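To start, the structure under review is shown below, and the notes come after it.
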Amino acid sequence: MTGCDALYVHVPFCARRCTYCDFDFVVGRTPKTQAWLAGIAAELEARRDELATPLRTIYFGGGTPSLLGPAGLLAAGALLAPWIRRDALAEFTVELNPEHVDAALLAALATIGAGRVSLGVQSFEPAALQQLGRAHDPARAIAAVRACLAAGLSTSVDLIVGWPGQDAAALDRDLDRVLELGVGHVSVYALTIEAGTSWPKLVRRGLRVLPDDEGQAAALERTHARLVEAGFDHYEIASYARPGRHARHNGAYWSWRDYVGIGPSAASARYARDGSVTRRTNPRGLEAWSRGAAPEIEGLGGIEAAAEGLWLALRTAAGVDPAVDAAWVHGRVARRVERGDLRWVDGQLATAPGRWMVLDGIAADVLAAPDAAPR
Ligand SMILES: C[S@@+](CC[C@H](N)C(=O)[O-])C[C@H]1O[C@@H](n2cnc3c(N)ncnc32)[C@H](O)[C@@H]1O
Ligand code: SF4
């Protein structure tokens, strides 16, 4: 079995609970760093054979990796050091919350070899930051982005659009700010309200309203138009990059490549020669994961795996090269091609311009179509 060179590391700590978020994290000002580091060391050892040396991409996501602080990041970097050769490491990203960015944290990133950061800005508008329950204010977000760029880090900003009360002028102010700051990558998400987060409870108490679908669609369209006009490539449904700034690690998720995820709730995928895939999801929660609760293992046979791969590839602007079996791919997507949601260009299948907002419907079709397995 050859090892996989794309590693995701989940850091399950947040200082507070943002009102909209249902990612896997433990809330508390002091993260249980030692317990997490011990678990990471144990999982690296237990899954040694699944990992390649040297790794090509590493991604620290959360939760809030920056809550580990410089010492925690240095300790995590030391655990990974045996798998890293700097000249072979194409990308090492760490998610940072703006309020944690300072000289010591940036120095720690340099020491462990992380050259890319993803900053959870969400918005520069006070009204948004307050509703979303964020710990930073606009000035802190701007200072954090500037500090990361000044440190020479490849810098991505996360934006949430379509929050209640965001009109076109407010969206434009956020986009103007991102463009002025000069980042090379932007991830854009429409605010999604998940059951189990505090947002629905706040709605019941009259303290929040739900975002409206039309406003969100308009915000996504406007964001696309403005970022593309400014020279960004909209290369994946939620991702925009200046030339040469496309995220490489996430590419594995969308293109039938293996990835290994360690830490609570982290997902892994391994593709076999026959096209089937084995998915593994680690137990959710620091406590269950630390005591070694069993992961969830799911096997997708050839046809399910191919349908899922097709759907994931459609999230990207590059789309699908139907090398697997052109007739099978044609059959699966015919209805959506007829409706103009998907189109063929030079033998390559892609989502039609402006149709990525109906991707959920396309997914349902592509994943559900009953037919024979691809050859
Ligand atoms: C896994 S979160 C972690 C990032 C980091 N802890 C932070 O909050 O800055 C990654 C990104 O997902 C996005 N996100 C999380 N929950 C969301 C939701 N319910 N709706 C829209 N975007 C969401 C946010 O933009 C966030 O920055
Ligand atoms: S958005 Fe980020 S900081 Fe907020 S709760 Fe989710 S993971 Fe934690």
For residue 125, state whether it is open to solvent by 40 Å² or more (accessible area, probe 1.4 Å) and more than 13 Å from ligand 2 (Cβ to nearest atom). no
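Identify all residues within the stretch 79-99 that are within 18 Å of residue 145 (Cβ to Cβ) and surrounded by 22 or more Cβ atoms within 10 Å (Cβ to Cβ); write none if there are none. Give the steps one after another, and end with the answer.
Of all residues in the stretch 79-99, those within 18 Å of residue 145 (Cβ to Cβ) come to 93-99.
Scanning the stretch 79-99 gives 93, 94, 96, 97, 98.
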For the stretch 131-167, enumerate the residues that are away from ligand 1 (no atom under 13 Å from the Cβ) and under 18 Å from residue 210 (Cα atoms). 165, 167
Give the stretch 77-108 a look and list any residue that's in contact with a strand residue (DSSP E or B) (Cβ under 8 Å, 6 or more places away or on another chain) and within 16 Å of ligand 1 (Cβ to nearest atom), or say none. 93, 94, 95, 96, 97, 98, 101, 105
When the residues of the stretch 1-48 are filtered to those that are of a type in the set (Asp, Glu) and more than 22 Å from residue 90 (Cβ to Cβ), which remaining residue is farthest from ligand 2 (Cβ to nearest atom)? 45
Which of (1) buried (at least 22 other Cβ atoms within 10 Å of the Cβ); (2) of a type in the set (A, V, I, L, M, F, W, C); (3) within 13 Å of ligand 1 (Cβ to nearest atom) does residue 23 not meet, given it meets every other one? (1)
Which of (1) in contact with a strand residue (DSSP E or B) (Cβ under 9 Å, 6 or more places away or on another chain); (2) without any contact (Cβ under 8 Å) to a residue 40 or more places away in the chain; (3) among the β-branched types (Val, Ile, Thr); (4) over 24 Å from residue 307 (Cβ atoms) is the odd one out, the single condition residue 203 does not satisfy? (1)
Could you check, for the stretch 254-274, whether at least one of its residues is part of a helix (DSSP H, G or I) and crowded, with 18+ Cβ neighbours inside 10 Å? yes
What are the pairs with Cβ atoms under 9 angstrom where one residue, in the stretch 274-302, is in contact (Cβ under 8 Å) with a residue 60 or more places away in the chain and the other, located anywhere, is part of a strand (DSSP E or B) and among the hydroxyl-bearing types (Ser, Thr, Tyr)? Sequence gap at least six, or different chains. 282/268
Only one of 318, 247, 266 is in contact with a Phe, Trp or Tyr (Cβ under 9 Å, 6 or more places away or on another chain) and assigned by TED's automatic domain parsing to the domain that holds residue 24. Can you tell me which? 247
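The values are calculated or read from the model by the stated rules, or taken from the named source; none is laboratory data. This structure is a prediction, so every number in the text was calculated from the model and none was measured. When we count neighbours, we look across all protein chains shown, and the Cβ atoms used for this are built from the backbone with ideal geometry, even at glycine. Just the protein is used for accessible areas: all its heavy atoms, side chains included, with ligands, DNA and RNA removed. Shrake-Rupley method; radii C 1.70, N 1.55, O 1.52, S 1.80 Å.
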